[in-house]
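The values are calculated or read from the model by the stated rules, or taken from the named source; none is laboratory data. Model, not experiment: these values are computed from the prediction. Counting neighbours? That spans all protein chains shown, and the Cβs are built from the backbone with ideal geometry, glycine included.
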Amino acid sequence: MISVVPYSIEMKCQWDEFADTCKNGTFLLFRNFMDYHSDRFRDHSMMIYDDDRLVALFPANIRCDGVVASHDGLTYGGLLVRKHEYSQNTITYFKALLEHLNRNDIQKIIFKQIPSLYCSISCEEIDYALGLANARIERVDLVSAIEINSPDRIKYQRRRCSGINKARENNISALETDDFSQFWNEILTPNLEARYCVRPIHTLQEIQQLDQDNPGKIRQFCAYYDNRIMAGCTVFETDHVAHIQYFSGCGEGRRNGSLDFLVNYLLTDIYQEKKYLDFGNSNRCGWKNVNNGLLDWKEGFGARSYAQRFYEVETAAHQLIEDVFV
């Protein structure tokens with residue numbers, strides 16, 4: 001019998017152990033990462049059982065208007081299932097989740113699907129289940145990534161090669177550091193405030209704590225000229241993907257090729273064994289607008305687009321998901 005149980009802190013170990021076995025699970029969906037901003041997001045995560053056996057997770061928060069989102073504090077969420085799970089079972093778990101939420105007066109969920117490049121095995125049966133539930137696509141973000149070892153990988157654009165060569169002529173160096181503060185204080189925060197009037201999503205103290213709580217998963221790389229920081233890159237590292245969470249350079253660093261040099265350093269020296277380097281999305285001011293200059297820069301390294309879909313689902317739609325396997 002399928003049952004849906006609200007997550008509680010006592011279930012942390014069981015949650016993390018299961019998430020580590022999922023075909024669409026990453027360390028962002030472990031409780032050490034999810035709970036760092038628990039003061040900002042009211043957790044509404046669910047654990048799905050088949051009798052006494054844990055079979056799926058739903059990382060989520062509940063908004064002040066009663067809508068459940070998966071997850072407003074994370075890049076992605078969705079329904080987490082085991083690597084060897086059958087499609088029929090996954091659809092059954094999704095239906096049970098909708099039914100449970102509906103019985104508990106939740107009318108709607110925002111389902112933030114994980115991009116396919118993060119899945120070790122295809123999990124698009126979840127998209128099929130969303131289709132059965134007449135889910136509406138609320139937005140689609142344009143994520144840029146390079147499949148690093150693909151035989152069809154696109155070569156660098158001439159301008160990117162020129163930037164890398166300029167950096168070499170200027171004796172730019174790149175290295176990894178365990179100190180986030182120089183990049184945060186001298187490059188990232190001033191740039192975001194000056195150019196966009198915003199601050200980084202994570203404070204310096206938060207990124208330091210996340211690094212401590214998730215050892216080896218968050219890495220900082222910087223480019224230097226004459227012992228001065230020119231650019232920096234903060235990477236969230238999963239089994240198959242190196243995701244660039246933050247990337248920024250000072251004016252001099254943009255002129256002397258440091259940004260291009262740093263990307264090339266990641267691709268050729270650090271992440272040759274990863275499947276993807278993910279630059280993140282280039283959307284701004286709503287998902288129907290794209291920062292074309294930023295997208296062009298990413299695609300200059302051979303990155304191409306992957307869709308991240310956000311669905312709006314009525315929980316009453318559990319009634320639409322019947323036995324489709326005939």
Can you confirm whether L54 is surrounded by 21 or more Cβ atoms within 10 Å (Cβ to Cβ) and not hydroxyl-bearing (S, T, Y)?
no
Output the residues belonging to segment 1-16 that are more than 24 Å from the chain's Cα centre (by Cα) and outside any helix (DSSP H, G or I).
M1, I2, S3, V4, V5
If you go through segment 243-278 one residue at a time, how many are in contact with an Asp or Glu (Cβ under 9 Å, 6 or more places away or on another chain) and within 24 Å of V198 (Cβ to Cβ)?
4
Does L294 qualify as being out of contact with any strand residue (DSSP E or B) (no Cβ under 6 Å at 6 or more places or on another chain), of a type in the set (A, V, I, L, M, F, W, C), modelled with pLDDT under 95 and part of a helix (DSSP H, G or I)?
yes
May I ask you to list the residues in segment 255-273 that are assigned to a helix (DSSP H, G or I), surrounded by fewer than 21 Cβ atoms within 10 Å (Cβ to Cβ) and among the hydroxyl-bearing types (S, T, Y)?
T268
Residue match in segment 302-316 (condition: buried (at least 21 other Cβ atoms within 10 Å of the Cβ), aliphatic (A, V, I, L, M) and not in a helix (DSSP H, G or I)):
yes
Hey, does segment 243-259 have a residue that's of a type in the set (A, V, I, L, M), under 21 Å from L294 (Cα atoms) and without any contact (Cβ under 8 Å) to a residue 60 or more places away in the chain?
yes
Being more than 18 Å from E138 (Cα to Cα) and buried (at least 19 other Cβ atoms within 10 Å of the Cβ) is the filter here, so list the residues in segment 60-81 that pass it.
L80, V81
Would you check if there is a residue in segment 197-219 being touching a residue at least 12 places away in the same chain (Cβ under 8 Å), surrounded by 15 or more Cβ atoms within 10 Å (Cβ to Cβ), touching an Asp or Glu at 6+ places or on another chain (Cβ under 6 Å) and over 30 Å from N24 (Cα atoms)?
no
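Got a sec? Which of A167, A174, A145 is more than 15 Å from R228 (Cα to Cα) and buried (at least 16 other Cβ atoms within 10 Å of the Cβ)?
Working: A167 fails: more than 15 Å from R228 (Cα to Cα); A174 fails: more than 15 Å from R228 (Cα to Cα).
On inspection, the qualifying residue turns out to be A145.
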So A231, is it in the same structural domain as I164 (by TED's automatic domain parsing), of a type in the set (G, A, S) and under 15 Å from the mean Cα position of the chain (by Cα)
no
